[in-house]
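Scroll down for the structure; my scribbles are underneath it.
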Amino acid sequence: MKGLVFTEFLDFVEGRFGVDSVDRIIQDSELASGGSYTAVGTYDHREMVELLGNLGRQSGIPVSELLEAFGRHLFSQLASAYRRLFENISSAFDFLEHLEGYIHVEVRKLYPEAELPRFECQNSGPDRLVLVYQSGRGLADLAHGMILGCADHFGDPLEIEREDLSAGVGTHVRFTLTRQRSHP
Ligand code: HEM
């Protein structure tokens, strides 16, 4: 997993829970990196699982909720760091339709060793989009949060229905998104 995900995660923890919490989760985790990450480095994604588990224990908040909240935060950080990728994209649906074939393709050019999920996208009508997530890392909660962050970013409220096709392990998940039209 790219270091930038770790550095953003530790910033998120500091902002939400304070700097002492960052120190505590690092101390309580067994990390080959020792808890020091650079944005361009690459680390074992199990370090993220370990850090999240400890944050969950310390805060009493379920890990799925923490991962989702982090995903939402991460999207807004990525949106300001990679403005170029957002040029000519005008809505959440437009963005999500370009995620697999453009956004993550560009990410792969920047970070050839990135471990990316696979997204299959089916458009089913102007207000419905089906996005199927697949990844051995099982980070569907992170994907859920990023979809919410994407909706926030474009000011396009979405209702998200989620179906786990991997018996609850989050490696294969279908998200059915419905655009909420505002009624004047
Ligand atoms: C709603 C939009 C997005 C979703 C749902 C999404 C989803 C994900 C998920 C779930 C992962 C974790 C890896 C896995 O599950 O196997 C991931 C990794 C990643 N994504 Fe995206 N992503 C989105 C947008 C973006 C954007 C805008 C960028 C940057 C411009 C980006 C860059 C990355 C990077 C750098 C990684 C880390 C790869 C690694 O750790 O090796 N993503 N994405």
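Derivation of every value follows stated rules applied to the coordinates shown; laboratory data play no part. Values in this document were obtained by computation on a predicted structure and should not be read as measured data. FYI the Cβ positions are ideal-geometry reconstructions off the backbone, even for glycines, and counts take in every protein chain you see.
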Given that compact globular proteins tend to follow 2.2 N^0.38 Å, what is the ratio of the alpha-carbon Rg of the chain to that value? 1.04
Order these peptides, 22-35, 139-152, 86-99, by their mean beta-carbon neighbour count within 10 angstrom, highest first. 139-152, 86-99, 22-35
Relative contact order of segment 109-149: what whole-number percent is it, with Cα pairs under 8 angstrom and at least 6 residues apart? 29 percent
Any idea what Rg and Dmax come out to for segment 114-179 if you just take the C-alpha atoms, in Å? 11.7, 33
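Given an 8 Å cut-off on Cα distances and at least 6 residues of separation, report the relative contact order of the chain as a percent. Don't jump to the answer; show the numbers that get you there.
Values: 246 pairs, mean separation 36.7, N = 184.
In percent, rounded to a whole number, it is 20.
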Provide Rg and Dmax in Å for segment 1-79, with only Cα atoms included in the calculation. 11.5, 32
Modelled label-to-label distance, Asp20 and Ala167, 7 Å Cα→beta-carbon offset: nm? 4.3 nm
What's the FRET efficiency of Ser64 with Glu87 using the Cβ-Cβ distance as r and R₀ = 45 Å, to the nearest 0.05? 0.85
